[in-house]
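First up is the structure itself, then whatever we jot down about it.
The values are calculated or read from the model by the stated rules, or taken from the named source; none is laboratory data. What you see is a predicted model; the values in this text were computed from it and never measured. With ideal geometry, Cβ positions are generated from the backbone for all residues, glycine too; neighbour counts draw on all protein chains shown.
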Amino acid sequence: MKHLKTGRATLALAALLALPGVGGAQEMVNAEAYRAALQDKFANPGTMVGDRGETLFKTPRGPKNASLEKCDFGLGAGKLAGAYAQLPRYFKDSGKVEDLESRLVTCMIKLQGFSHDEVTRKVFGDQTKNESNTDIEAIAMYVASQSDGMPINPPLKHAKEKEALKMGEALFYTRHGPMDFSCKTCHGEDGKRIRLQELGNYASNRKNAQDTMKTWPTYRVSHGMVRTLQSRMWDCNWQMRLPDLAYGSPASVALISYLSQQAKGVALDLPGMKR
Amino acid sequence: MKLKNISLLATLALTATGLGAADKPVLDAKMKAAVDKMIAVSFPAGENQDLSRLKQDETIQTCNIYRDNVPEKLAAEITARETKSIKYPADGKLMGDWKKGQKYYTMGFAYRIGTVEPDDPKKDRGGNCYACHAAEPKEVAYGTIGPGLTGYGKLRGAGDDIVKYTYEKIYNSQAFTACSQMPRLGHNGILTPEKIADITAFLVSPESPVNK
């Protein structure tokens, strides 16, 4: 049954993707049908990436030959249910506010004995070279999926959590680079588009922020692979013609803190699937 | 003379919508230093990382401090400074070839750096204007962040003043509107003066499909 359903949804998706460019009202209808086709979780290849992530998570690896099962994502060592929904948060052991992926880096260094360079040298699979998702992308998908259906609710008690939110908001509005862009340039008003792509208003439209944030990590159809929030933060900065935003850097975590607070309260719908 | 009128109208429009009203800084000195530091540590040096791109000039720093809502006095300083920065093609012709302009108006993907997915640095680049502005009626894949420019020359004519305004607006949008959301395409080195003249022709020329 599962297979039958998957096949049908994939065919429907393929048919939609094959549509030539259309305009006006019809375009909106097709966009909705396209989104509806993406809702079928059995047809979401992100699930399989998450399954691979689960195996990696539970397998002893690294110089210390340890699994990640003792990693504390904020609710206690090894407690995954609901942990992603309450990230980013402050961690006493690292003294930093960490999102899911910077937390994974910390655990892979501390528990498994990898070096920072080993963990962060190659974090994103390259869709232009037809690569598969990297290990850390797959693990992130697995851990995040354990919060499916739970409301985004990162804590805002510790002074550093409050600071991360404030810094993330400030960075959201900071214009720099050869295009003089900030995040707000594209994501500051309702109903805007870049080319044909609709843009969310994450500055002042809570629903836009929620609709976006609840489906990350996501399977990107156009990339043919899972993408995470760290990848999305890097991608926007890359499009702004800036240097590479470092994986798990303070700026990336601050932005994710801001966006998560903007989206607070909505139930996660994972794995997501996007264009 | 008409050019002056355009600037005056822009100023009046700003005042009317309250955008030009003096406002308090959003970023105080301490917060600005903290943001600068966070950026500095989050974009590390390395292969194909041009960190000079992170440097904010005086104008964009002012925009950031006031979150684009700069007091009138500072707005006047910005427009004066940015006007001075405008350079023109060697041959002095601000109206180039609209067919080339059509290409440069459209071309987008280039000039991205880093190690993950950099563009070929030799790749010719355009202004990616369709990302934000409609132009030719037949092109449906236009963005809406900026105003639509379909019929631009038909509405405004192709007089010298319009040509000059159009060229200068593309070269440096902030010469007219302090903290405009539009990139300073000439000033920041995205487009050469010659390419800007070509895009000007694409928008203004009666022969251009923008005006058909």
Practice prompt. Residue by residue through segment B:95-134, note down the ones that are among the polar types (S, T, N, Q) and buried (at least 16 other Cβ atoms within 10 Å of the Cβ).
Written response: B:Gln102, B:Thr106, B:Asn128
Worksheet item: Name the helices (runs of 4 or more DSSP H) wholly within segment A:164-256 that hold at least 2 residues that are facing chain B (nearest Cβ under 10 Å), in contact (Cβ under 8 Å) with a residue 60 or more places away in the chain and surrounded by 23 or more Cβ atoms within 10 Å (Cβ to Cβ)?
Response: A:229-239
Worksheet item: Looking only at helices (runs of 4 or more DSSP H) that fall completely inside segment A:42-131, which ones have 1 or more residues that are free of Cβ contacts under 8 Å to residues at least 40 places away in the same chain and farther than 28 Å from A:Leu165 by Cβ?
Response: A:46-58, A:116-120
Worksheet item: Which one of these is charged (D, E, K, R) and modelled with pLDDT under 95: A:Lys214, A:Lys184, A:Lys274, A:Lys192?
Response: A:Lys274
Fill in: Failed criterion for A:Ala159 (all others in (1) more than 10 Å from chain B (Cβ to nearest Cβ); (2) of a type outside the set (Lys, Arg); (3) touching a residue at least 12 places away in the same chain (Cβ under 8 Å) hold)
(3)
Worksheet entry | segment B:26-57: number of residues that are of a type outside the set (Phe, Trp, Tyr) and within 7 Å of another protein chain (Cβ to nearest Cβ) | 15
Fill in: Count - residues of segment B:165-212 that are closer than 17 Å to B:Met95 by Cα, within 14 Å of chain A (Cβ to nearest Cβ), part of a helix (DSSP H, G or I) and touching a residue at least 60 places away in the same chain (Cβ under 8 Å)
1
Worksheet item: What number of residues within segment A:237-263 satisfy the criterion of being within 20 Å of A:Met141 (Cα to Cα) and not aromatic (Phe, Trp, Tyr)?
Response: 11
Item to complete: Check off (1) over 28 Å from B:Leu74 (Cβ atoms); (2) in contact with a His (Cβ under 8 Å, 6 or more places away or on another chain); (3) without any contact (Cβ under 8 Å) to a residue 40 or more places away in the chain; (4) not acidic (Asp, Glu) for B:Leu149 and give me the number that stays unchecked.
Response: (3)
Worksheet item: Here is a list of conditions, (1) more than 21 Å from B:Val41 (Cβ to Cβ); (2) touching a residue at least 60 places away in the same chain (Cβ under 8 Å); (3) not in a helix (DSSP H, G or I), and A:Tyr142 meets all of them except one; can you say which number that is?
Response: (3)
Worksheet item: Out of (1) under 28 Å from A:Ile194 (Cβ atoms); (2) without any contact (Cβ under 8 Å) to a residue 24 or more places away in the chain; (3) surrounded by fewer than 16 Cβ atoms within 10 Å (Cβ to Cβ), what's the single condition that is false for B:Asp91?
Response: (1)
Worksheet, complete the sentence: Those residues of segment A:147-163 which are buried (at least 20 other Cβ atoms within 10 Å of the Cβ) and out of contact with any strand residue (DSSP E or B) (no Cβ under 7 Å at 6 or more places or on another chain) amount to A:Ser147, A:Ile152
